[in-house]
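Notes follow the structure.
The values are calculated or read from the model by the stated rules, or taken from the named source; none is laboratory data. The model shown is predicted, which means the values in this text are computed figures rather than measured ones. For neighbour counting, all protein chains shown are included, and Cβ atoms are generated from backbone atoms with ideal geometry for every residue, glycine included. All accessible areas refer to the heavy atoms of the entire protein, side chains included, with ligands and DNA or RNA removed. Shrake-Rupley method; radii C 1.70, N 1.55, O 1.52, S 1.80 Å.
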Amino acid sequence: MSKPNFQKFIPPNVNAKLFGNLVSYEIETKDLIKTCATLYRQHKLPLKIITAFDERGKGGAFKIMYVFGVPKDNFFIAPYIMVQNEFPSLTPTMHEASVYERKIMTFFGLKPVGHPDPRTLILHENWPNDAFPLRKDYAWNNRPAMAKNEYKFNKINGEGIYEIPVGPVHAGIIEPGHFRFSVAGEEILLLEGRLGYSHKGSEKLFEVLPLESKIKLSERISGDSSFSHSLAFCLALESLANISVSKNSGLLRVIFSELERLANHFGDIGAVMTDTGFNFGGAQGGRLREIVMQINERLSGSRFLRGLNTIGGITKNISETDRAELKVTLENLAKDFSEVIDIAENSSSLQNRLTGTGVLDRQIAIDHGVTGMPARALGFDADARRDFAYAAYDQMKFDVALEQAGDVRARFNIRVKEARASFEILKQALSDLSDNNEKLASQNYSFAKNSYTVSIVEGWRGDIVYLVSTNDAGEIDRVDVRDPSFLNWPAVGHSGKGNMVPDFPLINKSFNLSYSGNDL
């Protein structure tokens, strides 16, 4: 990787250090808001993650790192501050920082001074206020005493206003999540989600598991994004080991990524139609998804494409016979899909039900850093496959799917457009895949010591971000994962406002966010 041209993004007098694709430098706490505002507003760099590191063993303090991406140039600017117990909150001036700061407060015990919503995040009220699991001196297998704290939901008071609690246990197979509706009649005035019921302690487990198990753990952050999560983690490890993957490995990663995208988009397209009562579309979506899941199992042995990503590439090739069969299957599947969508687009009752439902305000999306499909449904032209190209995506030609209305119909149409783009990407990747027996994975590697790296993969929900650091022995020391659901869940509540209570299942399905990916 060539040295990034980062000088224009940082002050001339700072001592910046380059870690592969990440440029990091310390700033004074008093300069935090100004520094981040310059990167965010003046340079228009997207905020990708804010995370903390317990470095008390090195210098007696915690490090908080603010990571901004540089699209197209594919590197990251990461100013950081060193703190003891508290840090200034960016939220009043950059609301996108809100959930990151609440997470740091909950898991590290560092107070974001000036934060407008100092409630815990993910960990529930039975967790003690003085137990911070991502501190280094907290044992991964420690079970704390049961606490009896109270989580206070936001409320609207007034005559005729009442609350409807939904969940966390639902009448289906979905994961647990609690939703609190404040309504006047049937109209939703306030919708607030409470998640964390499927918290698994994943970031703590990344500290203690052996390397092979760490990769398996990444596949289980969010089950329907197993390949994308493990790919993001392996990309980070490859950066730390300074490994370049083979051309065929990159192409195979593109192929499996797009198969994962197709399966999930087909399922969601059908599920959205089911929630409107358009049962024909629901059945067809499920049928198309099952075809892709069977392709996945035939090619990899796993319906969810697990066990494929490894450090330095991929574990399984696609034979010439399987490639020829896959090309024919995909051609037939694309025609099949187009016929289903033609019928759906000609259903006035379906289109009327989708149009104008669950509109997400553009400014709300900006304030919360909404990513992926909901953002593109509002016209935000961002896609990590192009902007932070990885695997072999720099060799693929495709259009980023965009809509403008920000309603359920727009999010539905984004899925349709992305599915069609996936067929084109798969056709290109399969044609470029060679028949040689080149090595698909690296066996010899070591990680840079006391280093950091960031990787981004465009999962089917949006961009998945991994920030990985090593210690002075070159061992993985910290892994912070940001699934797109972490940023997008608050947007579901905002898009519900003004709709009727029966609209919620349809609105929620149009986002179809991950509980597990959020809860970590």
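Highlighted here are the helices (runs of 4 or more DSSP H) found entirely within the stretch 300-383 that include at least 2 residues which are of a type in the set (S, T, N, Q) and free of Cβ contacts under 8 Å to residues at least 12 places away in the same chain: 320-345, 348-354. Give me the residue from the stretch 505-520 that is among the small types (Gly, Ala, Ser) and within 12 Å of the chain's Cα centre (by Cα) and, out of that set, surrounded by the fewest Cβ atoms within 10 Å (Cβ to Cβ). If we take residues in the stretch 505-520 being among the small types (Gly, Ala, Ser) and within 12 Å of the chain's Cα centre (by Cα), then Ser516 is surrounded by the fewest Cβ atoms within 10 Å (Cβ to Cβ). Scanning the stretch 36-89 for residues that are out of contact with any Phe, Trp or Tyr (no Cβ under 8 Å at 6 or more places or on another chain) and either under 25 Å from Gln7 (Cα atoms) or open to solvent by 50 Å² or more (accessible area, probe 1.4 Å) (or both) turns up Ala37, Thr38, Arg41, Gln42, Lys44, Gly57, Lys58, Gly59, Lys72, Asp73, Asn85, Glu86. Could you list, in sequence order, the residues of the stretch 466-520 that are within 23 Å of Thr453 (Cβ to Cβ), in contact with a Gly (Cβ under 6 Å, 6 or more places away or on another chain) and of a type in the set (A, V, I, L, M, F, W, C)? Of everything in the stretch 466-520, just one residue is within 23 Å of Thr453 (Cβ to Cβ), in contact with a Gly (Cβ under 6 Å, 6 or more places away or on another chain) and of a type in the set (A, V, I, L, M, F, W, C), namely Leu487.
Of all the strands (runs of 3 or more DSSP E) wholly in the stretch 87-200, which have at least 1 residues that are in contact (Cβ under 8 Å) with a residue 60 or more places away in the chain and over 23 Å from Phe504 (Cα atoms)? Of the strands (runs of 3 or more DSSP E) lying wholly inside the stretch 87-200, none has at least 1 residues that are in contact (Cβ under 8 Å) with a residue 60 or more places away in the chain and over 23 Å from Phe504 (Cα atoms).
State yes or no: is Gly223 touching a helix residue (DSSP H, G or I) at 6+ places or on another chain (Cβ under 8 Å), modelled with pLDDT under 95 and over 30 Å from Lys152 (Cα atoms)?
Yes: the conditions hold for Gly223.
Could you grab me the full set of residues in the stretch 24-61 that are assigned to a strand (DSSP E or B), in contact with a helix residue (DSSP H, G or I) (Cβ under 8 Å, 6 or more places away or on another chain) and not polar (S, T, N, Q)? Result: Leu47, Ile49, Ile50, Ala52, Asp54. Say whether the condition of being of a type outside the set (A, V, I, L, M, F, W, C) and over 19 Å from the mean Cα position of the chain (by Cα) is met by at least one residue in the stretch 481-492. Scanning the stretch 481-492, I find no residue that is of a type outside the set (A, V, I, L, M, F, W, C) and over 19 Å from the mean Cα position of the chain (by Cα), so the answer is no. Of the set (1) touching a helix residue (DSSP H, G or I) at 6+ places or on another chain (Cβ under 6 Å); (2) farther than 28 Å from Glu424 by Cα; (3) modelled with pLDDT of 95 or more, all apply to Glu186 but (3).
Within the stretch 15-26, is even one residue of a type in the set (S, T, N, Q), touching a strand residue (DSSP E or B) at 6+ places or on another chain (Cβ under 9 Å), modelled with pLDDT under 95 and open to solvent by less than 20 Å² (accessible area, probe 1.4 Å)?
Pass one, the stretch 15-26, residues of a type in the set (S, T, N, Q): 15, 21, 24.
Adding the requirement that they be touching a strand residue (DSSP E or B) at 6+ places or on another chain (Cβ under 9 Å) leaves 15, 21, 24.
Narrowing the set further to residues that are modelled with pLDDT under 95 leaves 15, 21.
Pick out the ones that are also open to solvent by less than 20 Å² (accessible area, probe 1.4 Å) and you get 21.
Checked the stretch 15-26: at least one residue is of a type in the set (S, T, N, Q), touching a strand residue (DSSP E or B) at 6+ places or on another chain (Cβ under 9 Å), modelled with pLDDT under 95 and open to solvent by less than 20 Å² (accessible area, probe 1.4 Å).
So which residues in the stretch 83-127 are over 30 Å from Pro168 (Cα atoms) and within 22 Å of the chain's Cα centre (by Cα), if there are any at all? Scanning the stretch 83-127 gives Leu90, Met94. Across the stretch 481-493, the qualifying residues are those that are modelled with pLDDT of 95 or more and open to solvent by 10 Å² or more (accessible area, probe 1.4 Å), and the one among them that is nearest to Ala365 (Cα to Cα) is Trp489. Lys497 fulfils the conditions (1) crowded, with 23+ Cβ neighbours inside 10 Å; (2) within 21 Å of Gly193 (Cα to Cα) except for a single criterion, (1).
Right, Leu32: of a type outside the set (Asp, Glu) and under 22 Å from the mean Cα position of the chain (by Cα) or not? Against the criterion (of a type outside the set (Asp, Glu) and under 22 Å from the mean Cα position of the chain (by Cα)), Leu32 does not qualify.
Quick test for you: out of Ser442, Ser338, pick the one residue that is at pLDDT below 95, open to solvent by 20 Å² or more (accessible area, probe 1.4 Å) and either within 18 Å of Ser510 (Cα to Cα) or of a type in the set (S, T, N, Q) (or both). Exactly one of Ser442, Ser338 is at pLDDT below 95, open to solvent by 20 Å² or more (accessible area, probe 1.4 Å) and either within 18 Å of Ser510 (Cα to Cα) or of a type in the set (S, T, N, Q) (or both), namely Ser442. Filtered by the rule that a residue be closer than 17 Å to Asp477 by Cα and in contact (Cβ under 8 Å) with a residue 24 or more places away in the chain, the stretch 61-86 gives Phe62, Ile64, Met65. Checking each residue in the stretch 252-276 for being farther than 21 Å from Ala324 by Cβ, of a type outside the set (Ser, Thr, Tyr) and in contact (Cβ under 8 Å) with a residue 60 or more places away in the chain picks out Glu260, Arg261, Asn264, His265, Phe266, Asp268, Ile269, Ala271, Val272, Met273, Asp275.
Ile64 falls short on exactly one of the conditions (1) part of a helix (DSSP H, G or I); (2) at pLDDT 95 or above, and that condition is (1). Restricting the stretch 176-189 to residues that are crowded, with 18+ Cβ neighbours inside 10 Å and more than 20 Å from Thr106 (Cβ to Cβ) leaves a set whose member that is farthest from the chain's Cα centre (by Cα) is Val183. Every listed requirement among (1) of a type in the set (A, V, I, L, M, F, W, C); (2) within 24 Å of Asp361 (Cβ to Cβ); (3) not in a loop (DSSP other than H, G, I, E, B) is met by Leu430 save one, (2).
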